[in-house]
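Notes to accompany the following structure.
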Amino acid sequence: MVSVKQFLPRLQFFAESFTGYPVKILIPSEKESEEELVQVQDSLKIYVPREVHAKDEGTGFNYFKGLVALQSSAALYNGIPKEEVFNISKIKRSRNLDDFIIEGERGGLIPLTYQTIELSRRMQCINEDYRVLGEDMRYGFQNMFDPRLLKKSKKADSMNEPVTNEIDLALTSAYWKNLGVNPREIQKIVDGIPRDKQLGILREEVQEVLGRLVKFNSPLNTSYRDSVERASDFAQYLYDLTEDMGMGSILHIKTIEEYSAHSLESQKIKGIEYKIDQEDLHDKLIKNIDSRKKELTAMLDENSESEIGLNSKENIIRRLSILDERRKNLQDLRGSRTLNIEQHRYFDAERYAMSEGASLSLRTVFQDVSRTHLVKLEVPERLEEQEYGNIFHLPELRDGMLVPNAVRVIIYDLRKDLPPTEQQIRFQLGLESEISKLEREIAEHNNKIHSDINYIYDNLPQIVKSRDQAQRKMDKVQKQLDKSRKIHEEMARRDMETDAGLTRRIEKEMEAIKPSARSIVRNCFEGELDEKKFFEWWLDEKMGGNQLPNFYYQWQKRKRDVASVLLIDASQSAERLAGDDKSILDFLKQSAYYFSLGADFLEDKSAVLAYNGKGYRNSRIFLLKDFSEDPRRLEERLELLKGELNNRDGSAIRYATQLLNDIPAKTRFLFHLGDMQPSDIEYEHRSPGFETYRYEGEGAFADVTHAFNSARSYGIIPVGICIKKPDEQKPKKTISEKPKGKLNLKVLKKLKQEKAKTNNIMTDEILKQNFQNNYKIVENPIELPKVLRDVYVRTSFQ
Amino acid sequence: MEHKDYISDKGIDYIPQGDELDVALTCYNLKFPLMLRGPTGVGKTTLVTYLSRYLQKPLIEESCNEDTLAADLIGRNLPSGWLDGSATKSLRYEDGAIYYLDELGEARQDAIVVVHSLTDDRRTLEVRAHDEVLESPDEWMLIASYNPLYQLQNRVKPSTAQRFVTVDIPFPRSDIEGEIVESFLYGGKVEKEVKQKKFKKRDNIPINDIVKLANDYRKVAKSSDSFGLREGPGTRLVARTAKLIEYGLPDLLAIEVGMINPLTYDPEQKEQMFDIAKKLFR
């Protein structure tokens, strides 16, 4: 047994080389943890079984590589089906694409054919594109072959006579040949299986037809559509074949349920068999054969040749001869009462309707991986059209453990993509779920309407009516959704006041600091001539000494190589009023603006980020100013910033750390501006079984501390400016109005005192822990811009 | 600053741990710059001195550090006249030389940029101070080394890393290490003679496959957000890899030193990138 666990990272990387999307490899038999499910949201899901029987690790890895390649290459080789309706003209029925795909899970013949053809197509594409990989894959798959699978097609009928499902046999052998099993070996096994009494004479032909269908001449130019067409060609072929042989059609039996329903039907017919006039039936059948003969002769005259040769000349001639034979047989049977033709008609058809060997073969290779998934890879919508922001994952400390990729962070450029508000998201999510519900309903109705056995449902008009109703409702909801999205785009902006006088003052302040940052460096090899030093050197040279000619001096800028990121907490709490008509956020914005101005005047590198979010998969970071951008850009974006939702500080700090880490600078600062109260609740996954992860209290503080510590380990200096909440001292009700039992006032007092104490210690200690001495507590937000500037200058010149 | 520039006949012989000597000689023949990567004391410098002896070329070494200036590499004007820097000096040997930049990761970017023009196909060095363009002789070779493990902070920029054919030198296998220690203890020469492999020039170079592979790497670089593969291989890397394959290096070895190593030094990631290379090459 080779387990897939050890290969998972390699397989993921491998799959991404096909798709170019982020990929997540999943094991169907294992329930994913909450964190994993979150990550999967926006990745391409690829499934592999947990383990495989293989003789060594290399073979096992080849097998897993094969599975991953077959699935992930769908994107590369046009294998991702779109919603379409395909027509199989001959059987006069339109089939939904899903019929080709989904029903395969339940053993239907045509879906299985489609899957076999499509897998074969991809296999050939890979073979052509990545020769070595193709060989490896076949090597991995060959191992799974078991001759017993081919023998599954062999059964015994009620008379205990051997009966072979020739179609299944052909399908199974085509499948295994495609996976690299030696064709001669397969042929040997096939030859050992007794021929079916009815279709046995056609064994070579069915094998050849299917063999031609799975073979593509230039696979790289094909798409899944070719596979569908070929599968429908095969359906037509089977239709012709069974008609010619005088059997009932086997194509409308798509599932086990229908299979048993048909058995019931045939039972019914059995019950009434004696009422059928045998003579009449004979006449009818012979008439039928004559008309088909006429049809075929006409086709022969037209000499129309289809590509895969199903209606080729020789094929038609063969079919004509079969018809002749049958006609003769019927005439011989005229008058005999021993054989009930109608009964046989149904009996034979059922025998070919299910393809057990092929179905089992697929299961052998793909194990518990859903077959639907194999042929219908779902590309997450967000990947196809990235509406908002850039997404990536960051770790988080949870219950003392660092969970990798636990938080999904979305980075927005506020000028390009405004994230929708919480209300909008809720509203839109509601509409979307309604649409998908209606879609399902419509599909259900459609299935009933298009079903072959729709006579089971007496109320067809009723179904059509309710489908149309659902359709109309869906259109309406869709319109609503579009409107909501449009409204979001026209979101209002809020002006920001900037003081030109202050700007000039800051410029002057900074200019005043700058010159002191220049210093003289002596003993240089180049620069201005240091006369005293030169004289010494000259003397030494004259004396025959050999001093280095370092008699220059240079005015060097004292290397101010500072890069800093300012991190602003833009959560709901920042919308609190702080001045007469200004919120804390307004002051935060101002301080951010003047901060970046100051840094700009000092020629320091600076970036400004704001963050908020709700839930660990919707942690938002707004890139207000990148290192390379001008402060004016910042102003434009600041106007769009709003305080909303919660704050998950840890992920924002980690992102800022990453950003800073890529900037070459000697001194790096991470300024954090906010109330230092990380808190976040979950709201997205309300479904049962989902445990939501709250981000509050000690756990959240521990995560923030961890994030700052890791920043420090990269040589970044965190600096904190904490806005103290004025309402912290608000008295709280600790007891209900009517206390039950005896109340010990002493104990109550003690408890209250302890609580107050811990609260204070909590904030102070944590600030000290996070920022060491580099923090400042601001009580009045109006002071913010000045405090930030002071802190910046003080710390950066230390 | 003094530069060592002699062909030393001292020092122990180098025992190859893998294909690094073959790759180094291939680079010498193809005029590609070579980067040696590995932990401290695994023999990066020994390999270079051995090469210098083997090829009979003088070795000019520049140990880079934070204070290494561009002038140290190019040269400077002194009252007594012009004094060549290490790079300039190495280029003046008409029969070629080996120019070794030790601990490249320590050097400041502005100093390193000076040698960029020496690492691509131009192989020239512009000395602005007296308007001179030095062309490197055919037998001149540039080797750099750095230790990725303790240079996480000051790592070599991708733009520089992608200019070198890169070989990872791991800690030697215990049997080889035993031999090395023995020869060091008793002063004896290593008996095993190191032979240069003969490569046969290849005619049918799988250009399409190499380009396809590069595109696959670019795809992965685009998709992987947490893997740290920042960018895919540039065309220069692809072209050089093709040249290495044409020279006769085994396909996968050429891809490793030409494409994978310059992009990453994480062993896990290297393995994953090998998996992708094995889609097309054996």
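The values are calculated or read from the model by the stated rules, or taken from the named source; none is laboratory data. On a predicted model such as this, the values are computed, not experimentally measured, just so you know. All Cβ positions, glycine included, derive from the backbone under ideal geometry; neighbour counts span all protein chains shown. Accessible surface is based on the protein model in full, side chains and every heavy atom, while ligands, DNA and RNA are left aside. Shrake-Rupley method; radii C 1.70, N 1.55, O 1.52, S 1.80 Å.
In summary, the range A:542-651 shows an alpha-carbon radius of gyration equal to 1.68 times the 2.2 N^0.38 Å reference for compact globular proteins.
From the cross-link list A:Lys479/A:Lys582; A:Lys151/B:Lys212; A:Lys508/A:Lys532; A:Lys188/A:Lys215, which pairs have alpha carbons spaced over 31 Å apart? Table pairs above 31 Å Cα-Cα are A:Lys479/A:Lys582; A:Lys151/B:Lys212; A:Lys508/A:Lys532. A Stokes-Einstein calculation at 10 °C with viscosity 1.306 mPa s, built on the Kirkwood radius of chain B over Cα pairs, returns a diffusion coefficient of 80 µm²/s. For the range A:516-557, what class follows from the C-alpha gyration tensor (a ≥ b ≥ c being the square roots of its eigenvalues): rounded when a/c is under 1.5, otherwise prolate if a/b is larger than b/c, else oblate? Prolate shape, in that a/c is at least 1.5 and a/b is the bigger ratio.
May I ask which of B:Lys31/B:Lys198; A:Lys666/A:Lys768; A:Lys45/A:Lys65; A:Lys154/A:Lys313; A:Lys152/A:Lys177 have a Cα-Cα span longer than 20 Å here? Table pairs above 20 Å Cα-Cα are A:Lys666/A:Lys768; A:Lys154/A:Lys313.
Which percent of the accessible area of the range A:520-676 is formed by carbon and sulfur heavy atoms (probe 1.4 angstrom)? Accessible surface attributable to carbon and sulfur in the range A:520-676 totals 47 percent. Could you run the numbers on buried accessible area between B and A, total for both chains, 1.4 angstrom probe, in Å² to the nearest 100? Result for this pair: about 2900 Å² buried. Taking B:Ser159, B:Ser90, B:Ser136 as the candidate residues, the one with maximal mean-square fluctuation in a Gaussian network model of chain B, Cα springs under 10 Å, is B:Ser159. Picking from B:Gly41, B:Tyr14, B:Phe199, whose Cα lies most toward the positive end of the charge dipole for chain B (charges on Cβ: Lys, Arg +1; Asp, Glu -1)? After comparing all options, I get B:Phe199. Specify which residue in the list A:Trp538, A:Gln556, A:Gly527 is farthest towards the positive end of the charge dipole of the range A:516-557, using unit charges on the beta carbon of Lys, Arg (+1) and Asp, Glu (-1), about the Cα centre. Toward the positive end, the furthest listed residue is A:Gln556. The trypsin sites (Lys or Arg not before Pro) found in the range B:77-115 that occupy coil by DSSP, while having at most 16 further C-beta atoms within 10 Å, are B:Arg108.
Using θ = phi - 60° in the Karplus curve 6.51 cos²θ - 1.76 cosθ + 1.60, the 3J(HN,Hα) couplings for the range A:563-578 round to 10, 9, 10, 9, 10, 10, 7, 10, 8, 3, 4, 6, 7, 4, 6, 10 Hz; x is entered for Gly and Pro. Contact with the other protein chains removes 50 Å² or more of accessible area, compared with the isolated chain and a 1.4 Å probe, from these residues of the range B:38-78: B:Arg76. Do any residues of the range B:254-274 show a loss of at least 30 square angstrom of accessible area between the isolated chain and the full protein assembly, using a 1.4 Å probe, and if so which? When all protein chains are present, B:Glu271, B:Gln272 each give up 30 Å² or more of accessible surface. Averaged over peptide A:122-132, the number of partner chain Cβ atoms lying within 10 Å of each residue's Cβ comes to 3. Rounded to the nearest Hz, the phi-derived 3J(HN,Hα) couplings of the range A:214-228 under the Karplus curve 6.51 cos²θ - 1.76 cosθ + 1.60 (θ = phi - 60°) are 7, 9, 10, 6, 10, x, 5, 9, 9, 9, 4, 4, 4, 5, 4, where x marks glycine and proline. Ligands, DNA and RNA left out, the 1.4 Å accessible surface of chain B is 50% carbon and sulfur atoms.
Helical runs assigned H by DSSP (4 residues or longer) give chain B a calculated mean residue ellipticity at 222 nm of -11500 deg cm²/dmol, each run adding -39500 (n - 2.57) before division by the residue total.
A 1.4 Å probe, protein heavy atoms only, puts the accessible area of B:Trp82 near 70 Å².
To the nearest 20 debye, what charge dipole does the range A:516-557 have about its Cα centre, counting +1 at the Cβ of each Lys and Arg and -1 at the Cβ of each Asp and Glu? Approximately 220 debye in magnitude.
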